[in-house]
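Participant: Sharing a structure below in structure tokens format, with a few things to ask.
The values are calculated or read from the model by the stated rules, or taken from the named source; none is laboratory data. This one's a predicted model, so the numbers in the text were calculated from it and none came from an experiment. Cβ placement follows ideal geometry from the backbone for every residue including glycine, while neighbour counts extend to all protein chains displayed.
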Amino acid sequence: MKVSKVLVSIVLLFSLTLASCAAPVAQTQAPVMETSMSTETQEAPAASTETLVATDDSASMSEGAEVEIEDFAYVSAAITIKVGTTVTWTNKDSVRHTVSSDTGLFESGLFGKGESFSHTFTEAGTFTYHCAPHPYMKGTVIVE
């Protein structure tokens with residue numbers, strides 16, 4: 001009987017260890033928690049703002065544009081906004097995605113269903129992005 005308890009404890013500990021290795025830091029955050037994302041290796045403008053936020057369908061943006069991630073695609077894949085607009089991408093898929101600038105301007109890291117990533121565009125230009133684990137997912141933000 002004692003051997004069974006020890007064996008069950010070892011299997012449980014091993015399972016928890018594997019689960020914690022597979023879960024990224026963003027996955028362990030409490031729901032509806034806003035976190036500033038650092039961009040250590042990126043050269044983003046000083047006024048740039050990026051956040052990763054857990055949201056639900058009732059959340060609303062005061063000003064900005066929204067892009068949903070659904071069925072392994074950015075909906076709408078191309079948007080046009082004004083300088084100073086914040087774009088928020090919300091993941092509606094059951095798998096995790098990223099919003100990764102093709103030039104390194106912004107990077108969401110992996111985020112799951114119901115979570116959002118926001119970036120404020122402070123300069124005019126055309127900014128393309130993709131999902132790192134699913135590179136066929138592509139999008140464009142045109143800032144005028």
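Table: residues versus (1) modelled with pLDDT under 95; (2) more than 17 Å from the chain's Cα centre (by Cα); (3) closer than 16 Å to S76 by Cβ.
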{"position": "L110", "(1), (2), (3)": "no, no, no"}
{"position": "G114", "(1), (2), (3)": "no, no, no"}
{"position": "T122", "(1), (2), (3)": "no, yes, no"}
{"position": "T126", "(1), (2), (3)": "no, yes, yes"}
{"position": "H130", "(1), (2), (3)": "no, no, yes"}
{"position": "P133", "(1), (2), (3)": "no, no, no"}
{"position": "Y136", "(1), (2), (3)": "no, no, no"}
{"position": "V143", "(1), (2), (3)": "no, yes, yes"}
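Participant: Also, I was wondering about something else. Search the range 124-144 for residues that are in a strand (DSSP E or B) and pair each with any residue that is loosely packed, with under 14 Cβ neighbours inside 10 Å and basic (K, R) when their beta-carbon atoms are under 8 Å apart and the residues are at least 6 apart or on different chains.
Facilitator: So the pair list comes out as V143/K82.
Participant: On the given criteria, is A59 modelled with pLDDT under 95, surrounded by 12 or more Cβ atoms within 10 Å (Cβ to Cβ) and touching a Pro at 6+ places or on another chain (Cβ under 6 Å)?
Facilitator: In short, no.
Participant: Right, something else. Looking only at residues that are among the hydrophobic types (A, V, I, L, M, F, W, C) and either surrounded by fewer than 18 Cβ atoms within 10 Å (Cβ to Cβ) or assigned to a loop (DSSP other than H, G, I, E, B) (or both) in the range 82-105, which one is farthest from the chain's Cα centre (by Cα)?
Facilitator: Selected residue: V83.
Participant: Which one of these does P31 not meet: (1) at pLDDT 70 or above; (2) loosely packed, with under 14 Cβ neighbours inside 10 Å?
Facilitator: Evaluating P31 over (1) at pLDDT 70 or above; (2) loosely packed, with under 14 Cβ neighbours inside 10 Å leaves (1) as the failure.
Participant: Report, by residue number, each residue of the range 110-144 that is surrounded by fewer than 19 Cβ atoms within 10 Å (Cβ to Cβ) and small (G, A, S).
Facilitator: G112, G114, A124, G125, A132
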